[in-house]
Amino acid sequence: MKSGNRVKDGNYDDVRSRVFARARGEKRPPAGGLIRACREHSRPHAREKWHADRNPVYLLLLLLFYLPVLSLLVKVFFGAGFWQELTGFLRSKLFWNTLSFSCRQALYSAGFSLLLALPGAYFFGRFAFPGKRLLRSAMVLPFMLPGILVVLGMVVFYGNNGVLNHWLTLLFPDRGWRFTGLYGFWGIILAHVFYNFTFCLRLTGEAWERINPTLHEASALLGAGPFYTWRRITLPLMAPTLLYLFLLVFLYSFFSFTVVLVLGGYLYKTFEVLIYIEYSSRLRFARAALIAIVQLLLLAGLLYLQALSGRRRRREGLFAGTLPALKFRDYPGRTILFLFYLVFTGFFFFSPLAAVVARSFFSRGLSGGLPVLENYRLLLTDGFRFAVGRSFLSVITTSTGLAVTVSVVAVSLAYYLARLRRDRPWGKADLWLQLPLGVSFVTFSSGLFMLAGKVLPSVVLILWAQLFLAFPLIYSMLRTARRELGEPLLEAAALLGATPARILQTVELPLMRPALSTAAAYAAAFSLGDLAAVLMLGRGRVVTLSVAIYRLIGHYRFPQAIALGTIFILISLLLFLLMEGRSRPRLQDIFPRPEEAEEE
Amino acid sequence: MNENELSGNELSGSEQLCLEIKKAYPEFRMEVALQVNRGEIFSLVGPSGCGKTTLLRLIAGLEQPDHGVIILDGREITNLPPAQRRVGLVFQDYALFPHLTVAGNIEYGLKVQHLPAPARRQRLAELLALFSLEGLAHRQIQHLSGGEKQRVALARALAPKPLLLLLDEPFSALDYSLRQRLRQELKKLQAKLGFTAIFVTHQQEEALSFGGRLGVMENGRLVQTGTAEEVYENPATPFVAGFLGEANLLPCSVEEGEGRARVRLEGDGCFELPLQEDLPPGTYLLMVRPEDLSPGPVLAWRVTGKIETLEYLGSGYRLEVRCGAGVIRAFIAKKYRNLREGDQITLGFDPRQIRLFPVSPQNSSGPSVPVDNSPGI
Amino acid sequence: MKKSGRMHLSICLLFALLTVLAAGMILSAGCGRQEEKKLTVYTYASFPTALVDRACEDFQKKHGVELVFESFNDTGTLFSQLIREKEKPVADVVIGLDSVYFLRAAREDLFRAYRPKAADHIPADLVFDPEFRLTPFDFGYVLLNYDSEKLAQVPAGHQDLLDPAYQGKIILTNPLTSSPGQIFLLTTIALFGEDGYIDYWRALRKNVLAIAASWDEAYGMYTAGEAPIVLSYGTSPAYHILYEKTERYQPLVLDGAAYAQIEGVGILKGSKNPRTAELLIEYLLSPEFQTLIPENQFMYPARSDVELDPAFRLATPVEKLLNLPLESIEANLDKWLAGWEQAIEK
């Protein structure tokens, strides 16, 4: 246990804050002067606890995040015949089939995402080439897209009647080659891999890049060949990242909702889908809650596994800074392999989106004709209003309104807490704010509905849920960024006589702006992409872009859905440019890796 | 352990490493010819960025020269990959494998060689004992102190019995006293095992302390090689003079007259030397080491000036004296305790201890000219 | 502590921000805005836009009342919305709950009885509620359809569907969420009995491409060419005959038998404008509106005195009308659904 360090930390910070409180000329110098202050706080935990655990905003957030889940637990536990229901469910075929399907597809999804990412990680980790930064930034793009759009792209490109099959028929008219696996197990995995692969590639690439190159050289000088070095040095050093990513993708896929709902066709279901159907269509709230609890228990098990895997810290081999990257012109063979890899992955992963955009210009019945804006015009007609329930303008206004509100609230709260805890090591208090990342969103929403559904208006419920959805990532981004900013600069400003408000305005915020705008963009993307909360809490009344697309697909106004999807892609691109134009967000800020989660 | 194996095989000739390489870099051009004798620690010294580390990487095969040849232990290794060169390298940051234990790190090279397990264990035990690491065999790397890491890195590099050990500023991350101690340990170890090593440092003290031969590098070139004493006493260029130890470099001119060479120090008069063939008239830099200056009008060669700063060093005083030729630094003995800042002082020196470097119009550092040792005055 | 002052300030600011934003959102969402001359109608998503437009226009003209239609993805969602809003209903009128959903609605006591004048023109066998809490509005046969361009071998009976030749070629809808899905489940129960239907489904699932949540989704996939057989209505092909001039899509009357789905319209108990709602029911059942149903909704109108286009007369040669007694459905539906859920698990 490193409490020894903490004591020192706490004292130092405290002394320092007092010194600077004085330097800033604050009115109440600590009673008894610095020395007594030091002595007082050699009792370590009192001061530290105050910082996080008793801060009202922190407590409020915990309340906001955990009350819905707790209420769900309480309601079900004390409901009649709970144990009977539970054992009944646990014994049912439905449970075992859902569990085995969820696990199998999540394993495959995680495995394939990583397997596909590893070769790319080598190229992105070891080589320097023009456009690398842009490509790498673009890798977050699929992650920002809402599930419904990904599904749309999948259907347009990989569907039985999709672009891929048309090409196959054109290219090989006699072979009868067709891809028919979209609806079902492999289709779901394809969508999950599409979703997760690029960000796996980015993180593994960065992990590879951060391995100190002298370790490879040391290994070579000790007589090891390249493969031996890769197996014995590179792979073990990347293992924590790989394991972390594996579990992350596993979790995301295990809790997948939209993809499985549409592509699974009820023959394949995750617990999220079960909960949704029980809750939304069959109105058996108690049973929905029961399944939610079972899922929570499974999640707890998975998180425990992840915590175990993240326990061993291996930071030393990682290396922050630039390394002598290889150049493609020195390795012609690998250049060809890399190009092949790029074309292959680009084809599989970007063509669905490209297909969505391209298709949006062809209206049904006119396909093969000239590109037209007919589909976009239809967005403004009454037909759209009826299918979707709201006019196009109202959908856009609602979406942006929600997105802006969520991002302002999430970012200001997250930054407030990040500031509050800027000197603290990453600890339990942070973990509690991170945990929502793993809680099933449908579970949370149903709990929230049971808790406050009758009291609060839908919009507030949705805001609440989306805040819950976006907060963990936003918080860890800002937390890391604020910690990296460090105090010396601000202290320098303080010593030059600037008031705290002035420091905030002239030094801190300008320096934090890139991180803040990235965080805001992410929060907005989360809010825009969210489907589950709006469907479950909106009572059909709140219609966002995602819901509109979902309804258009539902009404088989596919061309309009695609046109709206294109607008969505445009908005995502804008958000993406907002983040990338201003800064270079490092994904490890956004998804803190286990080995960094416990820095001393 | 078998010391002979570390020291390489028996071949005629005393050179373990012989190289002559050229390579162009954006910052400078590397052009080095070097010989390292079997069983010596050759120190390579030079300011940061002069190409020392690059030279090591060329020898290790981590970089390829444009032209040239590298011969190690009688075998040409110029085009061999690093894995086949049998060169050990201790990195500046040690580059210990963080996911392996101490034992795992040391054993790594042995495992690569597919050494049978019993032999490997025995060798590991030897090395652990040699470096007093027995208790730490199963410790994780991040739980080691700086000195321990250093020893593990050394043990790991020596484990596969390399023909040449390269040490790239291995002590630079450590504090002063630990650095001194480890230097002594390394010397003892080398004496015991007799391996051949190149030790790179940018600290003159470290380079001098090994006592063996050393080479001074500047801008990708080896400016001078020789024993520590030779290089210190007879620096080849003003750069070497200034880099190894402290040196006063005073502009002066040499004139010929009456069969003697006359050295004119600007503002401080004129001294005479017997005429030498390699001392043509012209402008020169006169080098005199601060410790070679002593107060008093006793010596013929002397300068006079005002004490600008005076520092008490315990063992003596350090002065900066402004005289006609510029500011001269001097270390003087403790007995001159009545000196004060602002006093006038006369500093004398022995012409046998000076060096004259000709100043050509293009570059200020030409080869140095040792002054004839016969006392001419 | 020196920070406390600033901290309280920040907290106050944050709370103020939260409150202002929440209030803004509530206001902008327009909650609580209620106008008098307005009637809210809930229906499912596939209810045709043309009918909505026509109804809105006529009703505004005749009675000066604005109709606000809200659509839900499928009947299940619509129904769950009604349950959720039971205490404080938003809608006045609901179009599209069928006889099976009526049983649940009756249990929940959602609708108030109103016998329209047009009731006399509705055939007695369509009237599933003698109290007229839900009045029949339209009906249709729930049948499989097939794409004659994609399907070489047309099945003749329900057993034929189990042939491996149809693997991945059938799109159904989920009986848990959609009403045609539910009717199809009843079809199989009527055909194979309470014991036989589970085995039938167990065998059928192997050939199913997807079980869509709603009819629209299923029919959309079908017309996009994702699969050649879909669960729909006997009248669906008429749409393609009338509007696309193609007979490519055909109904599939397996074993010559079919189950009818009767959709009703009703007034919610909590409606604030029951008189106006009654006017709407009368309008919806008037001959002028009922004539529009076949060519727009592609269902048969509830009134028997409406002339039909020949395309409809040809559409469904159903020989045997399947039926299960409503009491039996009410008593067993949950059990049957659970049985189905088990059956489609592997």
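Numbers below:
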| read-out | value |
| --- | --- |
| Test for residue C:53: is it out of contact with any strand residue (DSSP E or B) (no Cβ under 9 Å at 6 or more places or on another chain), more than 7 Å from chain A (Cβ to nearest Cβ) and more than 22 Å from residue C:109 (Cα to Cα) | no |
| Residue selected from the stretch A:82-104 under the condition more than 14 Å from chain C (Cβ to nearest Cβ) and surrounded by 14 or more Cβ atoms within 10 Å (Cβ to Cβ), by the criterion modelled with the lowest pLDDT | A:82 |
| Checklist (1) facing another protein chain (nearest Cβ under 10 Å); (2) more than 26 Å from residue A:567 (Cβ to Cβ); (3) at pLDDT below 85 applied to residue A:388, failing item | (2) |
| Any hit, the stretch C:46-55, residues being free of Cβ contacts under 8 Å to residues at least 12 places away in the same chain and under 30 Å from residue C:236 (Cβ atoms) | yes |
| Residue among A:228, A:158, A:244 that is among the aromatic types (Phe, Trp, Tyr) and within 30 Å of residue A:545 (Cα to Cα) | A:158 |
| When residues of the stretch C:66-85 are limited to those that are part of a loop (DSSP other than H, G, I, E, B) and surrounded by 18 or more Cβ atoms within 10 Å (Cβ to Cβ), the one nearest to the other protein chains (Cβ to nearest Cβ) | C:73 |
| Unmet criterion (only one of (1) within 14 Å of chain B (Cβ to nearest Cβ); (2) surrounded by fewer than 24 Cβ atoms within 10 Å (Cβ to Cβ)) for residue A:221 | (2) |
| Test for residue A:175: is it of a type in the set (Lys, Arg), surrounded by fewer than 24 Cβ atoms within 10 Å (Cβ to Cβ), assigned by TED's automatic domain parsing to the domain that holds residue A:247 and in contact (Cβ under 8 Å) with a residue 60 or more places away in the chain | no |
| Restricting the stretch C:18-62 to residues that are among the basic types (Lys, Arg) and part of a helix (DSSP H, G or I), the residue that is modelled with the lowest pLDDT | C:54 |
| Complete set of residues in the stretch A:239-254 that are crowded, with 23+ Cβ neighbours inside 10 Å and modelled with pLDDT of 85 or more | A:249, A:250, A:253, A:254 |
| Single condition residue A:560 does not satisfy, out of (1) in contact (Cβ under 8 Å) with a residue 60 or more places away in the chain; (2) surrounded by fewer than 24 Cβ atoms within 10 Å (Cβ to Cβ) | (2) |
| Counted residues, the stretch A:137-164 - those being touching a Leu at 6+ places or on another chain (Cβ under 8 Å), outside any helix (DSSP H, G or I) and closer than 18 Å to residue C:168 by Cβ | 3 |
| From the options C:216, C:255, C:195, residue that is on the phi > 0 side of the Ramachandran plot, modelled with pLDDT under 90 and assigned to a helix (DSSP H, G or I) | C:255 |
| Filter result for residue C:218 (touching a residue at least 24 places away in the same chain (Cβ under 8 Å), over 18 Å from residue A:268 (Cβ atoms) and more than 7 Å from chain A (Cβ to nearest Cβ)) | no |
| Helices (runs of 4 or more DSSP H) fully within the stretch B:86-170 counting 3 or more residues that are within 21 Å of residue A:229 (Cα to Cα) and in contact (Cβ under 8 Å) with a residue 24 or more places away in the chain | B:102-112, B:146-158 |
| Answer from B:117, B:129, B:60 - the residue that is among the small types (Gly, Ala, Ser), surrounded by 14 or more Cβ atoms within 10 Å (Cβ to Cβ) and on the phi < 0 side of the Ramachandran plot | B:60 |
| Condition met for residue B:252 (more than 26 Å from the chain's Cα centre (by Cα) and under 16 Å from residue B:353 (Cβ atoms)) | yes |
| Residue within the stretch A:492-503 that is of a type outside the set (A, V, I, L, M), touching a residue at least 60 places away in the same chain (Cβ under 8 Å) and either touching a Gly at 6+ places or on another chain (Cβ under 8 Å) or within 30 Å of residue A:448 (Cβ to Cβ) (or both) present | no |
| Helices (runs of 4 or more DSSP H) contained entirely in the stretch A:397-512, each with at least 3 residues that are more than 30 Å from residue C:88 (Cα to Cα) | A:428-434, A:458-485, A:488-495, A:500-503 |
| Unique residue being outside any helix (DSSP H, G or I) and away from chain C (no Cβ under 14 Å) when the list is A:167, A:208, A:230, A:177 | A:177 |
| Boolean, residue C:245 is within 14 Å of chain A (Cβ to nearest Cβ) and of a type outside the set (Val, Ile, Thr) | yes |
| The one condition in (1) closer than 24 Å to residue A:301 by Cα; (2) in a helix (DSSP H, G or I); (3) more than 9 Å from every other protein chain (Cβ to nearest Cβ) that residue A:235 fails to fulfil | (1) |
| Answer residue from the stretch B:65-100, given it is within 9 Å of another protein chain (Cβ to nearest Cβ) and among the polar types (S, T, N, Q) and is surrounded by the fewest Cβ atoms within 10 Å (Cβ to Cβ) among those | B:84 |
| Residue match in the stretch B:190-205 (condition: aliphatic (A, V, I, L, M), crowded, with 17+ Cβ neighbours inside 10 Å and out of contact with any strand residue (DSSP E or B) (no Cβ under 9 Å at 6 or more places or on another chain)) | yes |
| Whichever residue in the stretch C:316-343 is more than 14 Å from chain A (Cβ to nearest Cβ) and among the hydrophobic types (A, V, I, L, M, F, W, C) and, among such residues, is surrounded by the most Cβ atoms within 10 Å (Cβ to Cβ) | C:322 |
| Residue C:245 being basic (Lys, Arg) and on the phi > 0 side of the Ramachandran plot | yes |
| Filtered residues of the stretch C:194-212 (kept if more than 7 Å from chain A (Cβ to nearest Cβ), more than 18 Å from residue C:155 (Cα to Cα) and not basic (Lys, Arg)) | C:194, C:195, C:196, C:197, C:198, C:199 |
| Hits in the stretch C:280-334 - residues which are charged (D, E, K, R) and in a strand (DSSP E or B) | C:320 |
| Residue in the stretch A:475-497 that is among the hydroxyl-bearing types (Ser, Thr, Tyr) and within 14 Å of another protein chain (Cβ to nearest Cβ) present | no |
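The values are calculated or read from the model by the stated rules, or taken from the named source; none is laboratory data. All figures in this text were calculated on a predicted structure; none of them were measured in a lab. As a convention, Cβ positions derive from the backbone with ideal geometry for all residues, glycine included, and neighbour counts pool all protein chains shown.
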